[in-house]
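A.B. asks: Sharing a structure with you now.
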Amino acid sequence: MTGQHEDLKPAVLPFALIVGQDELKRVLEIAYVMPSVGGVLASGERGTAKSTTVRAFAQMMYHKLPVTLPINATDDRILGGWQMDALLRGEPKKMKGLVEEADGGLLYVDEVNLLDDHVVNIILDVVATGLLVVQRDGLDEAGSPVSFTLVGTMNPEEGGLRPQLLDRFGLLVPVRTELDAAVRRNILLTVLRFEEERKERHSEWLHQGAAADRARRTRLETARRAAHHVVLGAEVADLCARIAIAFEIAGHRGEIVMAQAARAVAALDARTEVDAKDITFVAPYALMHRRPEAAYGDAIRWEAKDQELLDQVAAVAGTGERVHGGP
């Protein structure tokens with residue numbers, strides 16, 4: 001795509017130039033390619049570039065920064081209501097809420113764990129149904145179609161989300177502080193370079209980053225169109241079920257998200273059928289926040305023992321042998 005969007009200086013660092021955050025980048029792409037996954041929750045310490053990565057992704061895919069939901073947002077601001085100045089003049093005019101403003105783009109909820117539960121519920125309901133229904137304050141609407149990519153971020157040191165809300169985020173990505181000195185150096189140099197070169201009339205480096213983002217956007221759009229035609233066979237579906245059982249996942253959302261996310265991975269690789277490697281790749285992001293320990297406030301993480309269990313289940317898939325998690 002060409003036009004005025006490519007001629008403007010990027011508001012944030014181009015997605016292609018962000019150093020690190022490979023997991024978060026990949027999961028954001030999966031959620032875009034397969035919207036039915038149900039959104040992304042990035043959990044990690046402050047200062048780990050969660051917000052920067054999300055904003056860069058929105059800039060790349062939608063040519064604009066995400067609609068951001070502030071912590072103190074009222075129901076009117078979220079769902080829409082009446083324009084008060086017009087209402088006082090006897091001229092009732094509807095005001096769009098943030099959810100409608102995000103239609104066709106990305107809704108970003110920073111510090112989602114600090115929001116009231118009912119606000120998070122409202123947003124997750126819209127993601128699940130694709131409809132915004134308003135029934136309050138003189139507004140009574142059957143429902144307006146709304147579609148957006150939902151991304152929430154949180155710092156677990158400041159509190160968690162109830163398991164019922166965690167479960168409704170499709171994929172969770174743990175975002176960690178980078179411990180490799182060379183990568184940290186490259187992050188520092190990239191940030192400093194962006195602050196300098198964004199002020200210049202022309203930056204070949206930023207131009208190349210924008211070009212890489214355009215190519216990546218085209219690839220993601222192609223994958224999104226193809227994803228619903230990707231086949232998930234009976235054996236792979238059986239693997240999803242076995243993995244969910246082994247990790248003692250309550251309900252069925254875990255295996256559904258695994259299957260849909262795996263179809264997105266296959267589409268991104270230009271394949272027409274899901275294989276076992278696609279499932280094992282997405283399983284940690286689909287399951288780590290749905291395990292029983294998440295209900296008790298334990299840290300949400302994927303450890304070596306979890307990967308060992310996942311590999312064991314995948315290795316015996318199709319043999320009829322049963323594998324159980326836990327001690």
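A.B. asks: By average Cβ neighbour count within 10 Å, what is the ranking of 278-289, 209-220 from highest down?
C.D. replies: By packing density, highest mean first, the sequence is 278-289, 209-220.
A.B. asks: Can you tell me the relative contact order of the chain? Whole percent, Cα pairs under 8 Å, sequence separation 6 or more. Intermediate results must be reported in sequence, preceding the final value.
C.D. replies: Numbers: 489 pairs, mean separation 71.0, N = 327.
Relative contact order, the chain: 22 percent.
A.B. asks: Now, a different point. Need one number: % antiparallel among DSSP beta bridges in the chain, to the nearest 5.
C.D. replies: Working: 7 of 23 bridges.
Within the chain, antiparallel bridges account for around 30 percent of the total.
A.B. asks: Further question on the same structure: Name the residues whose placed amide hydrogens come within less than 5 Å of the amide hydrogen of GLY80, ignoring near sequence neighbours (fewer than 5 apart) on the same chain.
C.D. replies: Placed amide hydrogens put GLY97, LEU98 under 5 Å from GLY80.
A.B. asks: Looking at TYR32, ASN186, ASN121, which one has the Cα that reaches farthest to the positive end of the dipole of the chain (charges on Cβ: Lys, Arg +1; Asp, Glu -1)?
C.D. replies: ASN186
A.B. asks: In the chain, with Lys and Arg counted as +1 and Asp and Glu as -1 at Cβ, which of these residues, VAL109, LEU239, ALA304, has the Cα nearest the positive end of the dipole, that is, farthest along it?
C.D. replies: Sorting the options by dipole projection puts first VAL109.
A.B. asks: With a cap of 11 neighbouring Cβ atoms within 10 Å, and only residues DSSP puts in a loop, list the GluC sites (Glu not before Pro) found in segment 173-230.
C.D. replies: When the GluC sites (Glu not before Pro) of segment 173-230 are filtered for loop state and at most 11 Cβ neighbours within 10 Å, GLU200 remain.
A.B. asks: Near the amide H of LEU41, under 5 Å away, which other amide H atoms are found, from residues 5 or more places off or on another chain, if H is placed in the peptide plane?
C.D. replies: Distant-sequence amide H within range of LEU41: GLY152, LEU171, LEU172, VAL173.
A.B. asks: Among ILE249, LEU171, LEU161, flag the residue with its Cα farthest along the positive direction of the charge dipole of the chain, charges on Cβ as +1 for Lys/Arg and -1 for Asp/Glu.
C.D. replies: Toward the positive end, the furthest listed residue is LEU171.
A.B. asks: Using the alpha carbons of the chain, what is the convex hull volume per residue in cubic angstrom, as a whole number?
C.D. replies: Details: hull volume 52.9 nm³, N = 327.
Cα-based convex hull of the chain, divided per residue, equals 162 Å³.
A.B. asks: Remind me, relative contact order of segment 234-316 in percent, using alpha carbon pairs under 8 angstrom and six or more residues apart?
C.D. replies: 36
A.B. asks: In addition: Given segment 27-82, what whole percent of its Cα pairs are spread farther than 19 Å?
C.D. replies: On the way: 681 of 1540 pairs.
More than 19 Å apart: 44 percent of the Cα pairs in segment 27-82.
FYI, it's all coordinate maths here, none of it is from the lab. Not measured: the values here are computed from a predicted model. Virtual Cβ from ideal backbone geometry, glycine too; neighbours counted across all protein chains shown.
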